[in-house]
Amino acid sequence: MTRKLPTRAESDPATQWRTQHIFDSDESFLHEVSLLSDQCAKLAAYGGKLSQPQGLLQFLSLLEDTLVGMANAVSYAGCKNDEDTTNPTYQAFVGTIATLSVELHASLSFFAPEVLEMGESLWQMIDSFDELSPFRKYIDDVVRHREHTLDSEGEYLLSLAGDISGAAEEVFSTLNNADMKFGSIQDENGNVVEVTHGRYAHFLESTDRQVRSDAFDALYKEYSNHSHTLACLLNAHTRKNRYFKVARKYESSLEMCLTHSMIPTEVYTQLIGCVHTALPTFYRYIDLRRKTLGYDQLHMYDLYVPIVENPYKDLTYAQAQELVLEALAPLGSAYCERVKEAYGGGWIDVYENEGKRSGAYSNGAPACHPMILLNHQDNLDSAFTLAHELGHALHSDLTNRQQRPVYRNISIFVAEVASTVNEALLLHHLMERGGEREQKYLINRALENYRGTLFRQTMFAEFELLIHQHCEEGYTLTADLLDTMYGSLLQNYFGDRVEICPQIRKEWSRIPHFYYDFYVYQYATGFAAAQALTDRILSNNGLEDYLAFLGAGDSVYPLDALKIAGADLSTIGPIKSALSKFESLLSRLELMLQV
């Protein structure tokens, strides 16, 4: 008998998040949307009135109220849609929010041009009017984009394009989460089990190579069936970025996407270059895996099975909660009390159900607490996912409570640090209390974290850079071209240790992050920074700095925020240090396994 996922209605409400903490009903959400639309019109009416202190202050105060309402509405619509991506009501809510977002951007299109026209008188006004001083950094963000800001008519036209700019990602998400079905396979115990996004990672950890191979083939067969459509979507997405790059007079899409957070493009390119220098060490790890498993050559589906026995099987959600809470103790009692509130307070949507969005995330709503989406599978990986998402959630929670609305946005460049520190603390906790058997497994797991985050995400980042460069040079991204480009990267990153089969060359087609505009490199930089910050926290030398970083939000630029915590990512120092730690762990495991 095939084990199928329950529907949303069949799932236990006790394991679901409580979206009523954001809005108590769909009707309340729709009422808020109506109010927000009215506020957009009021914001637009401030055009021509910003040169006076009271006019600018009133505009910024109304903007903050609107941003809070928008954040709540976005969170509610997104959460409800992700509970069951086939539900037409909440598909429509997401569409409503997309339209409202365009309306808001259109209503603000006059703001930057008008502020820029004020010149030095703007700063004189801020210096002489104390109530405007909290907005200095927010206005500075506008001024530093002067050369990429159009006049008010141009900004208005660009804002209208926002209604269609996310179409490729929206179509990909619906196809990927709602329409694609991967069939069923037979597991190690002879049970016929449906292959889903959530179960796929579990299948790849199976010690039965046939199970791994079957799951791999089932998944990629479905993506291969849609490869031309998926290539068309990725092509449309990169063309969208090319359009905005040209309109805003940036040298490249990369520069455009990094400039908002004041990240120099060198941070991106030096990451790729630094990881390239460590590939020979990475090949050593892949070869250790091959020899330990006893294969002449590895397949991609062999890269996730532990090369030592997993002593942490059948870890329930309740056990994962307890384990994670213990591991986070170095972050202090106040932090851990908030984690307990997350466990029992309706923050977390725990288990997979039919139509539910794959993966995991944290969504911070100002109206209440953050919302965490999981697809828990009762294993150690899912415990690490819980720790990871709690890192995001507590980061946004602290920022929401300490910063005013214009500074509540958290750059992904720093957000991935908070989540990865929690994972590093969990790994440290397990290593501290584990025996030799656990030590072997955990070192293997640590090396896998490096493989999956520092090496794999850097490879993704290089691919994303390449496809945008091809687009900017006038190429069309076809399925064949993408297969070739991705396959070449795989060959470079894995050498001859892994068979680069036709299926894995299509891995590009299933990565949602390629629609997130140069997002993935931040996993790698965040991972490197997190290793350094975890060491500081555990040495009782960095907790105060780290908590200050968590509460800073967007009140300082991301690179400066990390300097507060104790990591300087404007240099390659943290990347080189992390790679050195990878080599040290690898040498330790080579001695322990003696293969």
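The values are calculated or read from the model by the stated rules, or taken from the named source; none is laboratory data. The structure presented is a predicted model; accordingly, all values stated were derived computationally and were not measured. With ideal geometry, Cβ positions are generated from the backbone for all residues, glycine too; neighbour counts draw on all protein chains shown.
Residues that are under 19 Å from the mean Cα position of the chain (by Cα) and at negative phi number at least 1 in the following helices (runs of 4 or more DSSP H) confined to region 477-595: 521-538, 543-550, 558-565. Examine region 30-46 for a residue that is assigned to a loop (DSSP other than H, G, I, E, B) and out of contact with any Pro (no Cβ under 7 Å at 6 or more places or on another chain), and state whether such a residue exists. Scanning region 30-46 turns up at least one residue that is assigned to a loop (DSSP other than H, G, I, E, B) and out of contact with any Pro (no Cβ under 7 Å at 6 or more places or on another chain). The set of residues in region 214-224 being of a type in the set (Asp, Glu) and either under 25 Å from the mean Cα position of the chain (by Cα) or in a loop (DSSP other than H, G, I, E, B) (or both) consists of Glu222 alone. Listed by position, the helices (runs of 4 or more DSSP H) enclosed by region 59-169 that each have at least 1 residues that are farther than 27 Å from Met256 by Cβ and in contact (Cβ under 8 Å) with a residue 24 or more places away in the chain are 88-107, 120-128. Of the numbered criteria (1) closer than 27 Å to Leu258 by Cα; (2) touching a residue at least 12 places away in the same chain (Cβ under 8 Å), the one Arg497 fails is (1). So, Gly573, is that one within 26 Å of Pro405 (Cα to Cα) and not hydrophobic (A, V, I, L, M, F, W, C) or not? For Gly573, the condition - within 26 Å of Pro405 (Cα to Cα) and not hydrophobic (A, V, I, L, M, F, W, C) - is not met. Mind checking which residues of region 533-565 are in contact with a Phe, Trp or Tyr (Cβ under 7 Å, 6 or more places away or on another chain) and β-branched (Val, Ile, Thr)? Ile537, Ile564 - these are the residues of region 533-565 that are in contact with a Phe, Trp or Tyr (Cβ under 7 Å, 6 or more places away or on another chain) and β-branched (Val, Ile, Thr). Would you point out the residue of region 6-53, among those that are among the hydroxyl-bearing types (Ser, Thr, Tyr) and surrounded by fewer than 19 Cβ atoms within 10 Å (Cβ to Cβ), that is nearest to Asn72 (Cα to Cα)? So the residue we want is Ser28. Among the candidates Asn400, Asn353, Asn379, the residue that is within 29 Å of Leu5 (Cβ to Cβ) and touching a Lys or Arg at 6+ places or on another chain (Cβ under 6 Å) is uniquely Asn353. Only a single item in (1) of a type in the set (D, E, K, R); (2) closer than 30 Å to His197 by Cβ; (3) modelled with pLDDT of 95 or more is not met by Asp517, and it is number (3). For the structure I just gave you, tell me whether Ser152 is modelled with pLDDT under 95 and in contact with a Pro (Cβ under 6 Å, 6 or more places away or on another chain). Spelling it out, Ser152 is indeed modelled with pLDDT under 95 and in contact with a Pro (Cβ under 6 Å, 6 or more places away or on another chain). Among the residues of region 330-372, just one is without any contact (Cβ under 8 Å) to a residue 24 or more places away in the chain and either basic (Lys, Arg) or part of a loop (DSSP other than H, G, I, E, B) (or both), namely Lys340.
Quick one: is Leu466 within 22 Å of the chain's Cα centre (by Cα) and among the aliphatic types (A, V, I, L, M)? Considered against the rule, which asks whether it is within 22 Å of the chain's Cα centre (by Cα) and among the aliphatic types (A, V, I, L, M), Leu466 comes out as yes. Taking the listed residues Tyr295, Tyr304, Tyr343, the one that is under 30 Å from Arg588 (Cβ atoms) and under 22 Å from the mean Cα position of the chain (by Cα) is Tyr304, with no other qualifying. Taken over region 405-433, the residue count meeting the criterion of being more than 20 Å from Ala567 (Cβ to Cβ), part of a helix (DSSP H, G or I) and of a type in the set (D, E, K, R) is 2.
Residues that are outside the structural domain of Arg510 (by TED's automatic domain parsing) and at pLDDT 95 or above number at least 2 in the following helices (runs of 4 or more DSSP H) confined to region 225-329: 227-247, 317-327.
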